[in-house]
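The values are calculated or read from the model by the stated rules, or taken from the named source; none is laboratory data. The structure presented is a predicted model; accordingly, all values stated were derived computationally and were not measured. Every residue, glycine as well, gets a Cβ built from its backbone with ideal geometry; the counts of neighbours run over all protein chains shown.
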Amino acid sequence: MNLVIIRTLILYTTVVVFLRIMGKRQIGQLQPYELVVIIMISELAAIPMQNTGIPIINGLIPIFILFAAEEVLSYIALKSERARGVICGKPSILIANSRINEEEMRRLRYNINELLEQLRLKDVTNICDVEYAILETGGQLSVILKSQKRPVEPADLGVATGYEGLSTTLVIDGHVIHENLKQVFLNLDWLKAELDKDGVTRFSDVFFASVNPQGELFYQLKQS
Amino acid sequence: MRMMTIIGVILALLIGAGYWINYSLQEATDQLSSQVKQISMEIKRGDWSAARSGSDRLQISWEQDARWWPIILDHQEIDNIEFSMARTTEYVKNKDLALAQGQLSELKLMVEHIPRKEKVNLENIL
């Protein structure tokens, strides 16, 4: 029993470490060769986890080899444009100037219902509005609407807009993130003074606090 | 690039370790197999006391040489060899010619099967 627990922890840690090194891409954005690695790794880890008769190394080595193969393919794909086309495939144009590319759809075995479904998910109900629809190598459909059907942007109206930037998190669950404070050129005294204005005396009472690029502090206190 | 170097080094180490493991397995099983053959010859000659001490030596060699085998081999296969070895010892102790010879033959096959199964060749790959 304890053996199974230890083996499970070892294999789980190994899989987490390798997947962490492999990158941050989500399942939906994986390239085909990456998806294959994910599926195979999960299977490889599960077998020696439940069967103590199989040496754990028989699970660990294939996991490492798959990881290595995936890294090498990624490296080759990164360095060579031609290899990238072979390994990852190329994006396919399914709609060009509102015309569905039947031949490409047939080649990809992508039916019209799937195309319409993907368009609806992008809030497009009329193919006439689509300038281009491109099936990306990761399987997502990118939709580029005709210029007259695109939502109006401030630039279209000639309206000047200010810089928005990103808010920076300063406190999470009562813990001040000093690194972030330093990054936005603020200090603990400033944070304390800002919280003092509303009668908050202890950082430990703050559940979350952030500051926007305009220097305005947002915070929420802990419930209990 | 650093990742590629690390992967390359680990791969080279793994391949090296693989060859070393195959070599060590072959070496150890050759020795065990010759010991089994020796016991069989002694039984054929009717020298049961020599066969018995040979069987004890085989047990000691097995414990020394095969200590690390469970790290890389299927545990079931190792258990089978251990069971067979225990049966052989009993048959030799009781001077049962037919059963002892049969068991020794099975033991020899099982021991020799290990490096054959781990060898890098087309048959095993496919």
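Please name all residue pairs, on different chains or six or more residues apart, with Cβ atoms under 6 Å, provided the first residue is in region A:13-32 and is in a loop (DSSP other than H, G, I, E, B) and the second residue is modelled with pLDDT of 80 or more.
Qualifying pairs under 6 Å: A:Q31/A:C88.
Is there any pair with a first residue in region A:99-116 that is without any contact (Cβ under 8 Å) to a residue 40 or more places away in the chain and a second that is in a loop (DSSP other than H, G, I, E, B) and of a type outside the set (A, V, I, L, M) whose Cβ atoms are under 6 Å apart and which are 6 or more apart or on different chains, and what are they?
Nothing qualifies.
Quick check on my filter: what residues within region A:160-192 are without any contact (Cβ under 8 Å) to a residue 40 or more places away in the chain and part of a strand (DSSP E or B)?
Listed by number, the residues that qualify are A:I172, A:H175, A:V176.
So which of A:V143, A:V124, A:V130 ends up being closer than 30 Å to A:V36 by Cα, touching a Leu at 6+ places or on another chain (Cβ under 8 Å) and of a type in the set (V, I, T)?
A:V143
A quick yes/no check of all residues on (1) touching a helix residue (DSSP H, G or I) at 6+ places or on another chain (Cβ under 8 Å); (2) within 13 Å of B:L107 (Cβ to Cβ); (3) surrounded by 16 or more Cβ atoms within 10 Å (Cβ to Cβ):
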residue: B:I15; (1), (2), (3): no, no, no
residue: B:I21; (1), (2), (3): yes, no, yes
residue: B:T29; (1), (2), (3): yes, yes, yes
residue: B:S33; (1), (2), (3): yes, yes, yes
residue: B:M41; (1), (2), (3): no, no, no
residue: B:R52; (1), (2), (3): yes, no, yes
residue: B:S55; (1), (2), (3): yes, yes, yes
residue: B:D65; (1), (2), (3): yes, no, yes
residue: B:W69; (1), (2), (3): yes, no, yes
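Each row is one residue, and each column tells you yes or no for (1) within 27 Å of the chain's Cα centre (by Cα); (2) touching a residue at least 40 places away in the same chain (Cβ under 8 Å); (3) exposed (fewer than 14 other Cβ atoms within 10 Å of the Cβ); (4) more than 14 Å from chain B (Cβ to nearest Cβ).
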site	(1), (2), (3), (4)
A:A46	yes, no, no, yes
A:I54	no, no, no, no
A:P62	yes, no, no, no
A:I65	yes, no, no, no
A:E81	yes, no, yes, yes
A:K90	yes, yes, yes, yes
A:L121	yes, no, yes, yes
A:N126	no, no, yes, yes
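Please work out if A:E104 is under 30 Å from A:F218 (Cβ atoms), touching a Leu at 6+ places or on another chain (Cβ under 7 Å) and surrounded by 12 or more Cβ atoms within 10 Å (Cβ to Cβ).
Answer is no for this residue.
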